[in-house]
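A.B. asks: I have a structure I would like to understand better, so I am pasting it below and will then ask my questions one at a time.
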Amino acid sequence: MTAQTLALAPVSSSTRVIACATDEIGEVAADLVASLAPDGVLGVATGSSPLALYAALIRRRAEGLATEGLRLFALDEYVGLSGDDPRSYAAYVRSVIAEPLGIPASRVRVPSGSTAADAETYERAIAAAGGVDLQIVGIGRNGHIGFNEPGSDAETRTRVVELDESTRRANAEHFGGDLSLVPTHAMTQGVATILSARRIVLVASGAAKARALRAALTGPVTAANPASFLQRHPDVTVVADSDALTEDR
Ligand code: F6R
């Protein structure tokens with residue numbers, strides 16, 4: 001296996017790739033988020049990829065960046081975990097993002113419930129807020145964005161999905177390594193919901209993301225890799241380290 005640095009030229013001219021050191025991803029992505037209006041609508045991903053970004057925003061708040069007026073919409077939530085469960089994404093958004101940024105709970109929304117009506121309620125809340133100004137996304141090793149697993153098409157909206165086994169395995173570390181404890185379903189914003197955001201920032205680090213990221217940016221637009229639908233969006237910035245932009249062959 002030899003590592004090859006990909007000349008990652010995105011197919012879409014509206015996608016910009018910023019390659020940086022792993023420890024710079026947070027600050028580079030924070031520069032983009034800091035350009036939001038103080039009362040802007042920020043779409044937030046959970047998981048490991050954006051942690052450095054949130055830490056950078058928290059540091060900037062300490063230095064005077066006004067974050068208290070932002071409104072937050074999360075991408076997804078496990079079905080069956082209450083918002084009080086520390087493994088829920090509601091708990092993540094509250095403890096990692098909203099509270100340290102001084103954003104009151106009334107300005108924070110995370111998908112909840114498991115019915116079509118719950119999903120519709122979430123879509124309506126996003127619309128009522130005027131849509132998402134900037135959406136942060138990570139990418140799954142299988143190309144998922146939000147929890148839109150392979151097979152999710154471009155028209156999908158917020159809905160309950162079954163999680164891929166590979167996704168559940170990747171997230172088992174947050175459940176004490178016990179796969180049987182990882183929920184089988186989640187409610188996620190759909191691909192169309194995500195693409196409705198005015199700007200999208202994808203953060204990725206590590207070699208495990210390289211294959212999916214390259215396919216998303218340079219491959220065909222296909223439901224087999226839902227992140228590839230980002231090629232259709234008019235304003236995407238990818239902030240990634242060289243491992244994520246390098247693929248072993
Ligand atoms: C999280 C989400 C997922 C993650 C993806 C990558 O809200 O929607 O798509 O962004 O699974 O997860 P990490 O960053 O933990 O590798």
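A.B. asks: Find the strands (runs of 3 or more DSSP E) located wholly in the stretch 39-139 whose residues include 1 or more that are out of contact with any Ser or Thr (no Cβ under 7 Å at 6 or more places or on another chain) and open to solvent by less than 30 Å² (accessible area, probe 1.4 Å), and list them.
C.D. replies: Qualifying strands (runs of 3 or more DSSP E): 41-44, 71-74, 134-137.
A.B. asks: OK, next. Can you name the residue in the stretch 168-196 that is assigned to a strand (DSSP E or B) and of a type outside the set (A, V, I, L, M, F, W, C) and is also surrounded by the most Cβ atoms within 10 Å (Cβ to Cβ) among such residues?
C.D. replies: 188
A.B. asks: Turning to a different aspect of this structure: Please enumerate the residues belonging to the stretch 13-38 that are surrounded by fewer than 17 Cβ atoms within 10 Å (Cβ to Cβ) and polar (S, T, N, Q).
C.D. replies: 13, 14, 22, 35 - these are the residues of the stretch 13-38 that are surrounded by fewer than 17 Cβ atoms within 10 Å (Cβ to Cβ) and polar (S, T, N, Q).
A.B. asks: Another one. If you go through the stretch 121-159 one residue at a time, how many are of a type in the set (A, V, I, L, M) and closer than 22 Å to residue 210 by Cβ?
C.D. replies: Matching residues across the stretch 121-159 total 4.
A.B. asks: Of all residues in the stretch 180-197, count the ones that are farther than 20 Å from residue 114 by Cα and touching a strand residue (DSSP E or B) at 6+ places or on another chain (Cβ under 7 Å).
C.D. replies: 1
A.B. asks: Go through the stretch 187-236 and report how many residues are within 13 Å of the ligand (Cβ to nearest atom) and within 14 Å of the chain's Cα centre (by Cα).
C.D. replies: 18
A.B. asks: Another question, if that's okay. Taking the stated definitions as given, is residue 199 farther than 17 Å from residue 155 by Cα and basic (Lys, Arg)?
C.D. replies: yes
A.B. asks: So, one more: Take the residues in the stretch 148-167 that are within 11 Å of the ligand (Cβ to nearest atom) and more than 25 Å from residue 127 (Cβ to Cβ); name whichever of them is most open to solvent (accessible area, probe 1.4 Å).
C.D. replies: Per the criteria, the residue is 166.
A.B. asks: From 139, 145, which residue is out of contact with any Pro (no Cβ under 8 Å at 6 or more places or on another chain) and within 13 Å of the ligand (Cβ to nearest atom)?
C.D. replies: 139
A.B. asks: Under 9 Å by Cβ, and 6 or more places apart or on different chains, what pairs join a residue from the stretch 172-184 that is in contact (Cβ under 8 Å) with a residue 12 or more places away in the chain and under 14 Å from residue 81 (Cβ atoms) with one that is surrounded by 13 or more Cβ atoms within 10 Å (Cβ to Cβ) and among the β-branched types (Val, Ile, Thr)?
C.D. replies: Going by the 9 Å Cβ cut-off, the qualifying pairs are 174/182; 175/182; 182/167; 183/79; 184/79.
A.B. asks: Hey, another quick one. Please find, among 33, 28, 44, the residue that is aliphatic (A, V, I, L, M) and touching a Cys at 6+ places or on another chain (Cβ under 8 Å).
C.D. replies: One residue alone meets the criteria, 28.
The values are calculated or read from the model by the stated rules, or taken from the named source; none is laboratory data. Note that this is a predicted model, so its numbers are computed, not measured. Glycine gets a Cβ as well: all are built from the backbone with ideal geometry, and neighbour counts include every protein chain shown. For the accessible areas, the whole protein counts, side chains as well, though only heavy atoms, and no ligand, DNA or RNA atoms are used. Shrake-Rupley method; radii C 1.70, N 1.55, O 1.52, S 1.80 Å.
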